[in-house]
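Following: one structure in structure tokens, then a few remarks.
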């Protein structure tokens with residue numbers, strides 16, 4: 001069975017940037033694309049904050065360009081998900097639905113998935129008013145009504161950020177007190193452009209077929225429902241790193257994000273590296289994921305060189 005220099009698990013900005021750098025280093029990388037090839041940007045309509053695209057670019061088109069660039073330098077792509085890994089000895093083994101790959105090194109770039117309320121209309125209007133990233137999409141809702149669902153620090157941050165743009169930002173929370181830190185909650189409640197719908201949940205995202213127009217709210221104490229007009233519905237109930245495949249194998253924090261060795265991409269297993277949203281629970285941007293992919297590729301190349309590759 002052929003032994004590869006490096007297998008990259010994941011094909012978002014981190015995985016594909018790692019592939020570009022590994023391929024240019026003549027490591028002939030193999031990318032396992034995953035079922036959601038291209039990562040979270042595949043669900044984003046317009047990306048305006050990625051450097052080099054002053055007019056903006058559609059998320060799927062940006063990821064297509066990433067992929068073509070990696071392919072140009074000789075990256076091999078394997079469709080489907082990695083379903084099993086074995087890091088107990090070398091070569092490492094990565095198993096997909098259809099084949100087993102042997103590799104001297106592995107870069108884990110499986111990303112993270114936003115937690116979703118799973119309400120009717122959410123999927124239908126994803127990228128057309130429904131968003132999971134205020135930093136990415138807040139700019140599109142200048143002067144418009146915005147609804148945010150969540151009650152933690154991340155929800156407070158998202159809502160305060162969105163209040164700079166929206167005419168009114170409403171935070172929907174199922175309880176009568178936020179679980180966020182007091183300083184963040186006080187800052188939110190004290191903002192004149194923010195309202196809070198306490199004891200409430202979003203039951204449905206409504207639209208005109210092309211974009212979001214409102215959300216239906218239900219008060220969990222009274223059972224009464226109401227409709228709140230909005231152009232943007234932002235989900236801020238956290239992310240789940242796609243790391244279940246590596247449980248018990250790689251060190252993780254309480255939320256399941258992979259922990260790294262210092263300011264590097266090294267994990268606790270020599271030859272296994274990580275990049276992107278699998279470890280970054282702070283920034284979660286395409287550009288920071290791409291930078292992390294670059295770092296992992298350079299670390300991997302130097303490690304392989306030290307191993308005599």
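FYI, it's all coordinate maths here, none of it is from the lab. Because the structure is predicted, anything quoted here is derived from the model rather than measured. Neighbour counts run over all protein chains shown; Cβ positions are idealised from the backbone, glycine included.
What number, in nm² with one decimal, is the all-direction average of the projected area of the convex hull of the alpha-carbon atoms of the chain?
If I average the Cα hull's projected area over directions, I get 17.1 nm².
Percent relative contact order of the chain, based on C-alpha pairs within less than 8 angstrom and at least six residues apart?
21 percent
With springs connecting C-alpha atoms under 10 Å apart, model the chain as a Gaussian network and identify which of 40, 99, 69 has the largest mean-square fluctuation.
99
Quote to one decimal, in nm, the extra length available between residue 2 and residue 237 on full extension: 0.36 nm per residue of separation minus the C-alpha distance between them.
Values: separation 235, 0.36 × 235 = 84.60 nm, distance 4.32 nm.
Contour length minus the Cα-Cα distance gives 80.3 nm.
Tell me the label-point distance for the pair residue 65, residue 204, using the 7 Å Cα-to-Cβ offset, in nm and rounded to one decimal.
My value for the distance between the label points is 4.0 nm.
Over the Cα atoms of region 10-103, each weighted equally, I'd like the Debye log10 I(q)/I(0) at q = 0.22, 0.26 Å⁻¹, rounded to two decimals.
-1.10, -1.31
For residue 36 and residue 95, calculate 0.36 nm times their separation in residues minus their Cα-Cα distance, and state this gained length in nm to one decimal.
19.5 nm
Per the Kirkwood formula on distinct C-alpha pairs, the Rh of region 59-111 is how many angstrom?
Numbers: mean 1/r = 0.0782 Å⁻¹.
After inverting the mean inverse Cα-Cα distance, the result is 12.8 Å.
Per residue and in Å³, how big is the convex hull formed by the alpha-carbon atoms of region 118-168?
Details: hull volume 4.0 nm³, N = 51.
About 78 Å³ per residue, rounded to a whole number.
Along its principal axes, what span do the Cα atoms of region 149-240 show, with the longest given first and each in whole Å?
The Cα atoms of region 149-240 stretch 38, 31, 31 Å along the principal axes, largest first.
Which value in Å is the Kirkwood Rh of region 191-309 over different Cα pairs?
Working: mean 1/r = 0.0554 Å⁻¹.
About 18.1 Å for region 191-309.
Under a 10 Å cutoff between Cα atoms, tell me which one of 215, 278, 83 has the largest fluctuation in the Gaussian network model of the chain.
83
Please find, in a Gaussian network model of the chain (springs between Cα atoms separated by less than 10 Å), the residue of 15, 56, 190 whose mean-square fluctuation is greatest.
Of 15, 56, 190, the most mobile in the Gaussian network model is 190.
Could you please tell me the mean projected area of the C-alpha convex hull for region 105-194, averaged over all directions and given in square nanometres to one decimal? Before the final figure, lay out the partial values.
Working: hull surface 31.1 nm².
Projected over every direction and averaged, the Cα hull of region 105-194 covers 7.8 nm².
How far apart, in nm, are the 7 Å Cα→Cβ label points at residue 193 and residue 88?
That separation, rounded to one decimal, is 5.7 nm.
With just the Cα atoms defining each centre, how far is region 259-278 from region 1-69? Give it in Å.
Value for the Cα centre distance between the two parts: 19 Å.
Give me Rg/Rg_expected for region 191-244, where Rg uses Cα atoms only and Rg_expected = 2.2 N^0.38 Å with N residues.
1.39
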